[in-house]
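Colleague: Dropping the structure in here first, questions after.
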């Protein structure tokens, strides 16, 4: 039985037709952008609350909210809005990880949402070569979905958002960052942390390059300090993902995370350790990573995904 009434179904059909036309025109590779300032010239609306990812065994709220993009409204469930937000923050997410962390393991619920979002042209999917050369399906926002997420102000305005499969060769690595984040955020929340913000390497690199162009290479140590980073071997190593959050005391904090793969060589691992990043590895890469650390005479705590 359909979840929607007949009028809503008719509206969905019209939106699906228009979405198909838009997909023919949209360039599905996007640049990161921020949620627009609340003072921008748009019709006055009460800001939507930030979407939080539920923990395991949570019952999702099935109520619908109306999001606007220009003059078009989309009536979406809370779980569908959450999915748009998760894809926007991380650019690429795997369905298995999305089901576990955003839907509390409710696979049927997630599949229902994905079908609806795909039909409306708000998300896209692609198949990439995964671990051990097996196909892996991944999800991302479309340009249309990204535009809706920005216009709806679902996320805090300082949270950068992304869309599109920009570098197919790195899609699997990028998708694994969502899993890495979930592992670390569980530790942060357990310690009383709250209000996390996701900062991908693209955002940090963009800021650093902007400062280098403005101040010159001689200012590299000062630039690194201003972004909470270090100069190592004459360079500024950048983590795969940074989590900024508030401690229970109200003090701001951050943690820099690096997903180390089998492609990392000795110097790369050394630079990441000396930069102070928390290292994570995928299953099967831990022994090799420890041998690399031993060869470099480095000591670091390594976490497994």
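Colleague: Taking residue 150 as the residue in question, decide whether it is outside the structural domain of residue 254 (by TED's automatic domain parsing) and more than 14 Å from residue 243 (Cα to Cα). Don't jump to the end; show me each part of the working.
Modeller: On the way: outside the structural domain of residue 254 (by TED's automatic domain parsing): yes; more than 14 Å from residue 243 (Cα to Cα): yes.
Yes; evaluated as a whole, the condition is true for this residue.
Colleague: Then there is this: Which one of these is at pLDDT below 95 and either out of contact with any helix residue (DSSP H, G or I) (no Cβ under 7 Å at 6 or more places or on another chain) or in a helix (DSSP H, G or I) (or both): 289, 259?
Modeller: Values: 259 fails: either out of contact with any helix residue (DSSP H, G or I) (no Cβ under 7 Å at 6 or more places or on another chain) or in a helix (DSSP H, G or I) (or both).
Within the list 289, 259, the selection yields 289.
Colleague: For segment 197-214, which positions are touching a residue at least 12 places away in the same chain (Cβ under 8 Å) and either surrounded by fewer than 12 Cβ atoms within 10 Å (Cβ to Cβ) or touching a helix residue (DSSP H, G or I) at 6+ places or on another chain (Cβ under 7 Å) (or both)?
Modeller: 198, 208, 211, listed by residue number.
Colleague: Within segment 244-267, track down each residue that is closer than 20 Å to residue 170 by Cβ and touching a strand residue (DSSP E or B) at 6+ places or on another chain (Cβ under 8 Å).
Modeller: The answer is 256, 257, 258, 259, 260, 261.
Colleague: Given 230, 242, 225, 194, which one is without any contact (Cβ under 8 Å) to a residue 40 or more places away in the chain and at negative phi?
Modeller: Working: 230 fails: without any contact (Cβ under 8 Å) to a residue 40 or more places away in the chain; 242 fails: without any contact (Cβ under 8 Å) to a residue 40 or more places away in the chain; 194 fails: without any contact (Cβ under 8 Å) to a residue 40 or more places away in the chain.
After applying the criteria, what remains is 225.
Colleague: Taking segment 224-243 only, how many residues are surrounded by fewer than 17 Cβ atoms within 10 Å (Cβ to Cβ) and in contact with a strand residue (DSSP E or B) (Cβ under 7 Å, 6 or more places away or on another chain)?
Modeller: Number of matching residues: 1.
The values are calculated or read from the model by the stated rules, or taken from the named source; none is laboratory data. What you see is a predicted model; the values in this text were computed from it and never measured. Counting neighbours? That spans all protein chains shown, and the Cβs are built from the backbone with ideal geometry, glycine included.
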